[in-house]
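The values are calculated or read from the model by the stated rules, or taken from the named source; none is laboratory data. Since this is a predicted model, take the numbers as computed values, not measurements. A quick note on method: Cβ atoms are made from the backbone with ideal geometry, for glycine too, and the neighbour counts reach across all protein chains shown. In case anyone asks, the SASA skips ligands and DNA or RNA and just uses the protein heavy atoms, side chains included. Shrake-Rupley method; radii C 1.70, N 1.55, O 1.52, S 1.80 Å.
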Amino acid sequence: MNSGTSGYWRAAHGRGIALGVRGRLMAIVNVTPDSFSDGGRHFSVDRAVGHALSCVAEGADILDIGGESTRPGATPVSAAEELDRVLPVIERLARETDALISIDTYRARTAQLAIAAGAHIINDVHGLQREPEIAAIAAETGAGLCIMHTGRGRDRLADVVADQFDYLNRSLSIAAAANVTRETIVLDPGFGFAKETVEENMALMARCDELLALGYPLLVGTSRKRFLGTLTGRDAGERDAATAATTVLLRMKGASVFRVHNVAINRDALAIADAMIAAEPRTGKEQAE
(Lines give C-alpha, C1' and ligand atoms only; values in the text may rest on other atoms or scores of the structure.)
Protein backbone atom coordinates (compact mmCIF):
# COMPACT_ATOMS: atom_id res chain seq x y z
CA MET A 1 0.00 0.00 0.00
CA ASN A 2 1.10 3.53 -0.70
CA SER A 3 -0.31 6.75 0.77
CA GLY A 4 1.21 8.69 -2.11
CA THR A 5 3.29 11.81 -2.33
CA SER A 6 2.77 13.85 0.84
CA GLY A 7 3.14 17.56 1.30
CA TYR A 8 1.15 20.71 0.69
CA TRP A 9 -0.56 21.57 -2.58
CA ARG A 10 -0.12 25.31 -2.89
CA ALA A 11 -2.79 27.37 -4.60
CA ALA A 12 -3.71 30.97 -5.43
CA HIS A 13 -4.71 33.66 -2.94
CA GLY A 14 -2.43 32.21 -0.27
CA ARG A 15 -4.42 29.01 -0.02
CA GLY A 16 -3.57 25.32 -0.32
CA ILE A 17 -4.31 21.89 1.08
CA ALA A 18 -2.30 19.21 2.88
CA LEU A 19 -1.93 15.95 0.95
CA GLY A 20 -0.82 12.49 1.96
CA VAL A 21 -2.27 11.76 5.39
CA ARG A 22 -5.78 11.31 4.01
CA GLY A 23 -7.38 11.33 0.61
CA ARG A 24 -9.01 14.54 -0.57
CA LEU A 25 -12.20 14.99 -2.57
CA MET A 26 -12.72 17.30 -5.53
CA ALA A 27 -16.41 17.65 -6.37
CA ILE A 28 -17.47 17.95 -10.01
CA VAL A 29 -19.70 20.95 -10.65
CA ASN A 30 -20.73 20.99 -14.32
CA VAL A 31 -22.28 24.28 -15.43
CA THR A 32 -23.27 22.74 -18.76
CA PRO A 33 -26.46 21.50 -20.42
CA ASP A 34 -24.87 18.34 -21.81
CA SER A 35 -22.73 16.63 -19.19
CA PHE A 36 -22.62 12.87 -19.78
CA SER A 37 -23.42 12.18 -16.14
CA ASP A 38 -25.75 14.80 -14.67
CA GLY A 39 -27.66 15.78 -17.81
CA GLY A 40 -27.38 19.50 -17.17
CA ARG A 41 -29.08 19.44 -13.76
CA HIS A 42 -26.75 22.17 -12.47
CA PHE A 43 -26.78 24.42 -15.52
CA SER A 44 -28.14 27.58 -13.86
CA VAL A 45 -25.97 29.65 -11.52
CA ASP A 46 -28.26 29.09 -8.54
CA ARG A 47 -28.42 25.34 -9.10
CA ALA A 48 -24.67 25.06 -9.62
CA VAL A 49 -23.92 27.04 -6.46
CA GLY A 50 -26.48 25.06 -4.47
CA HIS A 51 -25.03 21.78 -5.67
CA ALA A 52 -21.49 22.92 -4.90
CA LEU A 53 -22.41 23.95 -1.35
CA SER A 54 -24.13 20.61 -0.78
CA CYS A 55 -20.92 18.89 -1.91
CA VAL A 56 -18.95 20.89 0.67
CA ALA A 57 -21.43 19.83 3.35
CA GLU A 58 -20.86 16.20 2.32
CA GLY A 59 -17.08 16.50 2.63
CA ALA A 60 -15.65 18.00 -0.57
CA ASP A 61 -12.36 19.84 -0.10
CA ILE A 62 -12.28 21.29 -3.64
CA LEU A 63 -15.02 22.38 -6.06
CA ASP A 64 -14.15 21.89 -9.73
CA ILE A 65 -16.21 24.25 -11.88
CA GLY A 66 -16.50 23.41 -15.59
CA GLY A 67 -18.35 25.22 -18.36
CA GLU A 68 -17.68 22.84 -21.26
CA SER A 69 -18.37 19.14 -21.43
CA THR A 70 -15.30 16.98 -22.12
CA ARG A 71 -17.27 13.89 -23.12
CA PRO A 72 -16.48 12.52 -26.60
CA GLY A 73 -18.63 14.20 -29.25
CA ALA A 74 -19.71 17.09 -27.03
CA THR A 75 -20.65 20.36 -28.76
CA PRO A 76 -17.75 22.84 -28.54
CA VAL A 77 -18.35 25.96 -26.47
CA SER A 78 -16.98 29.40 -27.32
CA ALA A 79 -14.63 31.14 -24.91
CA ALA A 80 -17.23 33.82 -24.25
CA GLU A 81 -19.94 31.28 -23.44
CA GLU A 82 -17.60 29.37 -21.14
CA LEU A 83 -16.86 32.57 -19.21
CA ASP A 84 -20.55 33.45 -19.00
CA ARG A 85 -21.22 30.07 -17.43
CA VAL A 86 -18.39 29.75 -14.92
CA LEU A 87 -17.49 33.24 -13.67
CA PRO A 88 -20.80 33.97 -11.87
CA VAL A 89 -20.58 30.58 -10.13
CA ILE A 90 -16.97 31.14 -9.04
CA GLU A 91 -17.72 34.66 -7.80
CA ARG A 92 -20.64 33.40 -5.70
CA LEU A 93 -18.72 30.45 -4.28
CA ALA A 94 -15.73 32.63 -3.39
CA ARG A 95 -18.09 34.61 -1.16
CA GLU A 96 -20.10 31.71 0.22
CA THR A 97 -17.59 28.95 1.03
CA ASP A 98 -14.03 28.47 2.23
CA ALA A 99 -13.59 25.38 0.04
CA LEU A 100 -10.91 25.59 -2.61
CA ILE A 101 -12.29 26.42 -6.05
CA SER A 102 -10.89 24.90 -9.24
CA ILE A 103 -11.57 26.02 -12.81
CA ASP A 104 -11.80 23.14 -15.26
CA THR A 105 -10.56 24.70 -18.51
CA TYR A 106 -7.91 24.46 -21.19
CA ARG A 107 -8.24 28.15 -22.14
CA ALA A 108 -5.65 30.55 -20.75
CA ARG A 109 -8.02 33.53 -20.70
CA THR A 110 -10.68 31.59 -18.82
CA ALA A 111 -8.08 30.44 -16.32
CA GLN A 112 -6.82 33.98 -15.82
CA LEU A 113 -10.27 35.48 -15.24
CA ALA A 114 -11.36 32.58 -13.03
CA ILE A 115 -8.40 33.08 -10.71
CA ALA A 116 -9.18 36.81 -10.60
CA ALA A 117 -12.77 35.94 -9.69
CA GLY A 118 -11.64 33.86 -6.73
CA ALA A 119 -10.62 30.43 -8.01
CA HIS A 120 -7.52 28.82 -6.51
CA ILE A 121 -6.68 25.98 -8.91
CA ILE A 122 -6.47 25.48 -12.69
CA ASN A 123 -7.45 22.03 -13.93
CA ASP A 124 -6.23 21.64 -17.53
CA VAL A 125 -7.45 18.53 -19.35
CA HIS A 126 -4.91 19.14 -22.11
CA GLY A 127 -1.95 19.26 -19.73
CA LEU A 128 -0.70 22.69 -20.90
CA GLN A 129 -0.26 21.37 -24.44
CA ARG A 130 -3.24 23.10 -26.07
CA GLU A 131 -2.72 26.61 -24.65
CA PRO A 132 0.70 26.63 -22.97
CA GLU A 133 0.05 30.19 -21.78
CA ILE A 134 -1.83 28.62 -18.87
CA ALA A 135 1.54 27.78 -17.35
CA ALA A 136 2.54 31.45 -17.23
CA ILE A 137 -0.79 32.34 -15.61
CA ALA A 138 -0.28 29.65 -12.98
CA ALA A 139 3.21 30.95 -12.29
CA GLU A 140 2.10 34.59 -12.03
CA THR A 141 -0.89 33.90 -9.78
CA GLY A 142 0.51 31.04 -7.70
CA ALA A 143 -2.50 28.96 -8.70
CA GLY A 144 -2.59 25.26 -8.06
CA LEU A 145 -2.18 23.42 -11.35
CA CYS A 146 -3.60 20.02 -12.27
CA ILE A 147 -1.85 18.72 -15.38
CA MET A 148 -3.86 15.96 -17.02
CA HIS A 149 -2.73 13.33 -19.50
CA THR A 150 -4.84 12.85 -22.60
CA GLY A 151 -4.45 10.65 -25.63
CA ARG A 152 -6.98 12.51 -27.76
CA GLY A 153 -5.88 13.84 -31.13
CA ARG A 154 -2.42 12.27 -31.25
CA ASP A 155 -0.51 9.03 -31.74
CA ARG A 156 0.11 7.14 -28.51
CA LEU A 157 2.78 4.75 -27.34
CA ALA A 158 1.62 1.15 -27.05
CA ASP A 159 2.44 0.87 -23.35
CA VAL A 160 -0.12 2.79 -21.29
CA VAL A 161 2.34 3.94 -18.61
CA ALA A 162 5.14 4.76 -21.05
CA ASP A 163 2.71 7.07 -22.84
CA GLN A 164 1.91 8.73 -19.51
CA PHE A 165 5.57 9.48 -18.88
CA ASP A 166 6.11 10.71 -22.44
CA TYR A 167 3.15 13.10 -22.38
CA LEU A 168 3.43 14.31 -18.79
CA ASN A 169 7.16 14.97 -19.06
CA ARG A 170 6.43 17.27 -22.01
CA SER A 171 3.81 19.05 -19.94
CA LEU A 172 6.19 19.38 -17.00
CA SER A 173 8.81 20.90 -19.30
CA ILE A 174 6.28 23.56 -20.31
CA ALA A 175 5.57 24.25 -16.64
CA ALA A 176 9.27 24.46 -15.79
CA ALA A 177 9.95 26.87 -18.66
CA ALA A 178 7.25 29.17 -17.25
CA ASN A 179 8.73 28.93 -13.74
CA VAL A 180 5.71 27.19 -12.24
CA THR A 181 6.48 26.27 -8.63
CA ARG A 182 6.71 22.50 -8.10
CA GLU A 183 4.52 22.63 -4.99
CA THR A 184 1.59 23.93 -7.04
CA ILE A 185 1.51 20.92 -9.41
CA VAL A 186 -0.44 17.69 -9.27
CA LEU A 187 -0.75 15.17 -12.11
CA ASP A 188 -3.86 13.44 -13.44
CA PRO A 189 -3.51 10.24 -15.53
CA GLY A 190 -6.75 11.08 -17.37
CA PHE A 191 -8.80 7.90 -17.05
CA GLY A 192 -11.15 7.60 -20.00
CA PHE A 193 -9.47 10.26 -22.13
CA ALA A 194 -8.56 8.19 -25.19
CA LYS A 195 -8.01 5.13 -23.06
CA GLU A 196 -10.22 3.23 -25.44
CA THR A 197 -10.82 -0.08 -23.72
CA VAL A 198 -11.61 -1.47 -20.29
CA GLU A 199 -8.29 -3.29 -20.41
CA GLU A 200 -6.33 -0.08 -21.00
CA ASN A 201 -8.06 1.74 -18.15
CA MET A 202 -7.60 -1.19 -15.79
CA ALA A 203 -3.93 -1.55 -16.74
CA LEU A 204 -3.46 2.13 -15.93
CA MET A 205 -5.21 1.65 -12.61
CA ALA A 206 -3.11 -1.39 -11.74
CA ARG A 207 0.12 0.47 -12.52
CA CYS A 208 -0.89 3.94 -11.35
CA ASP A 209 1.67 3.91 -8.54
CA GLU A 210 4.45 3.88 -11.16
CA LEU A 211 3.53 7.50 -11.94
CA LEU A 212 4.66 8.55 -8.47
CA ALA A 213 8.20 8.30 -9.85
CA LEU A 214 7.53 11.65 -11.54
CA GLY A 215 7.61 13.18 -8.07
CA TYR A 216 4.18 14.82 -7.90
CA PRO A 217 0.91 13.99 -6.14
CA LEU A 218 -1.73 12.25 -8.22
CA LEU A 219 -5.30 13.44 -8.80
CA VAL A 220 -7.58 10.84 -10.37
CA GLY A 221 -10.99 11.04 -12.02
CA THR A 222 -12.73 7.74 -12.66
CA SER A 223 -16.16 8.92 -11.57
CA ARG A 224 -18.96 7.31 -13.58
CA LYS A 225 -16.63 6.73 -16.54
CA ARG A 226 -17.70 4.55 -19.44
CA PHE A 227 -15.30 1.72 -18.62
CA LEU A 228 -17.07 1.32 -15.27
CA GLY A 229 -20.35 0.99 -17.15
CA THR A 230 -18.85 -1.68 -19.37
CA LEU A 231 -17.68 -3.62 -16.34
CA THR A 232 -20.90 -3.30 -14.34
CA GLY A 233 -23.56 -2.96 -17.03
CA ARG A 234 -24.86 0.20 -15.35
CA ASP A 235 -25.80 3.58 -16.82
CA ALA A 236 -23.76 6.69 -15.92
CA GLY A 237 -25.94 7.79 -13.00
CA GLU A 238 -25.77 4.31 -11.46
CA ARG A 239 -21.99 3.97 -11.31
CA ASP A 240 -21.26 5.56 -7.92
CA ALA A 241 -20.60 2.25 -6.13
CA ALA A 242 -18.16 1.25 -8.88
CA THR A 243 -16.54 4.69 -8.61
CA ALA A 244 -16.11 4.25 -4.86
CA ALA A 245 -14.41 0.91 -5.47
CA THR A 246 -11.88 2.58 -7.78
CA THR A 247 -11.37 5.31 -5.19
CA VAL A 248 -10.28 2.71 -2.64
CA LEU A 249 -8.04 0.90 -5.12
CA LEU A 250 -6.38 4.07 -6.38
CA ARG A 251 -5.90 5.40 -2.85
CA MET A 252 -4.04 2.19 -2.10
CA LYS A 253 -1.96 2.86 -5.22
CA GLY A 254 -0.95 6.28 -3.89
CA ALA A 255 -3.43 8.75 -5.39
CA SER A 256 -4.07 11.81 -3.22
CA VAL A 257 -7.07 13.64 -4.71
CA PHE A 258 -10.26 12.12 -6.14
CA ARG A 259 -12.49 14.01 -8.58
CA VAL A 260 -16.02 12.68 -8.10
CA HIS A 261 -19.72 13.32 -8.70
CA ASN A 262 -21.02 11.69 -5.51
CA VAL A 263 -19.04 13.08 -2.59
CA ALA A 264 -20.71 11.19 0.24
CA ILE A 265 -20.10 7.64 -1.01
CA ASN A 266 -16.48 8.43 -1.89
CA ARG A 267 -15.91 10.11 1.48
CA ASP A 268 -16.92 6.88 3.17
CA ALA A 269 -14.76 4.83 0.80
CA LEU A 270 -11.75 7.02 1.55
CA ALA A 271 -12.34 6.73 5.29
CA ILE A 272 -11.92 2.96 5.01
CA ALA A 273 -8.93 3.17 2.67
CA ASP A 274 -7.14 5.73 4.85
CA ALA A 275 -7.74 3.64 7.97
CA MET A 276 -6.30 0.61 6.17
CA ILE A 277 -3.23 2.57 5.11
CA ALA A 278 -2.74 3.83 8.66
CA ALA A 279 -2.98 0.26 10.02
CA GLU A 280 -0.41 -1.13 7.58
CA PRO A 281 3.03 -1.67 9.19
CA ARG A 282 5.46 0.90 7.83
CA THR A 283 8.97 0.18 6.60
CA GLY A 284 12.01 1.79 8.16
CA LYS A 285 12.30 4.15 5.19
CA GLU A 286 8.69 5.31 5.54
CA GLN A 287 9.15 5.87 9.30
CA ALA A 288 12.24 7.97 8.62
CA GLU A 289 10.28 10.14 6.20
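Odds and ends about this structure:
- Mean ellipticity per residue at 222 nm, deg cm²/dmol - from DSSP H runs of n ≥ 4 across the chain, formula -39500 (n - 2.57): -13000 deg cm²/dmol
- Region 93-159 - percent relative contact order, Cα under 8 Å, separation 6 or more: 30 percent
- Expressed as a whole percent, the accessible surface of region 140-269 that belongs to carbon and sulfur atoms is 51, based on a 1.4 Å probe.
- Gyration tensor (alpha-carbon) shape descriptor, the chain, a/c threshold 1.5: rounded
- Amide H to amide H, with H built 1.01 Å from N, residue 149 comes under 5 Å of 188, 190, counting only residues 5 or more places away or on other chains.
- Sites residue 6 and residue 232, calculated FRET efficiency, Cβ-Cβ separation with R0 35 Å, nearest 0.05: 0.60
- Among 195, 225, 253, the order of accessible area from largest down is 253, 225, 195, computed with a 1.4 Å probe on protein heavy atoms.
- Around the amide H of residue 16, modelled in the peptide plane, lie the amide H atoms of 11, all under 5 Å away and 5 or more residues distant in sequence or on another chain.
- Estimated inter-spin distance, residue 279 and residue 157, nm [label 7 Å along Cα→Cβ]: 3.8 nm
- Taking 19 Å as the cut-off, the amide N atoms of region 130-155 that come nearer than this to a point 7 Å along the Cα-to-beta-carbon line of residue 179 belong to 132-145.
- Inter-label distance, nm, simple model (7 Å from Cα along the C-beta direction), residue 13/residue 75: 3.2 nm
- Gyration tensor verdict on region 147-289 (Cα atoms; rounded if a/c is under 1.5, prolate if a/b is larger than b/c, oblate otherwise): oblate
- Residue by residue, region 115-131 carries 3J(HN,Hα) couplings of 5, 4, 7, x, 5, 10, 9, 10, 10, 9, 6, 9, x, 6, 9, 9, 10 Hz when phi is fed to the Karplus relation 6.51 cos²θ - 1.76 cosθ + 1.60 (θ = phi - 60°); x denotes Gly or Pro.
- Amide H within-cut-off set for residue 63, under 5 Å, with H built and near neighbours excluded: 27, 100, 101, 102
- Computed FRET value (nearest 0.05) for residue 196 with residue 166, which takes r as the C-beta separation and R₀ as 22 Å: 0.80
- Label positions at residue 265 and residue 203, each projected 7 Å from the Cα along the C-beta direction, are separated by 2.8 nm.
- Taking all protein chains into account, the per residue accessible area for region 96-181 stands at 37 Å² (1.4 Å probe).
- Antiparallel bridges, percent of DSSP beta bridges restricted to the chain (to nearest 5): 10 percent
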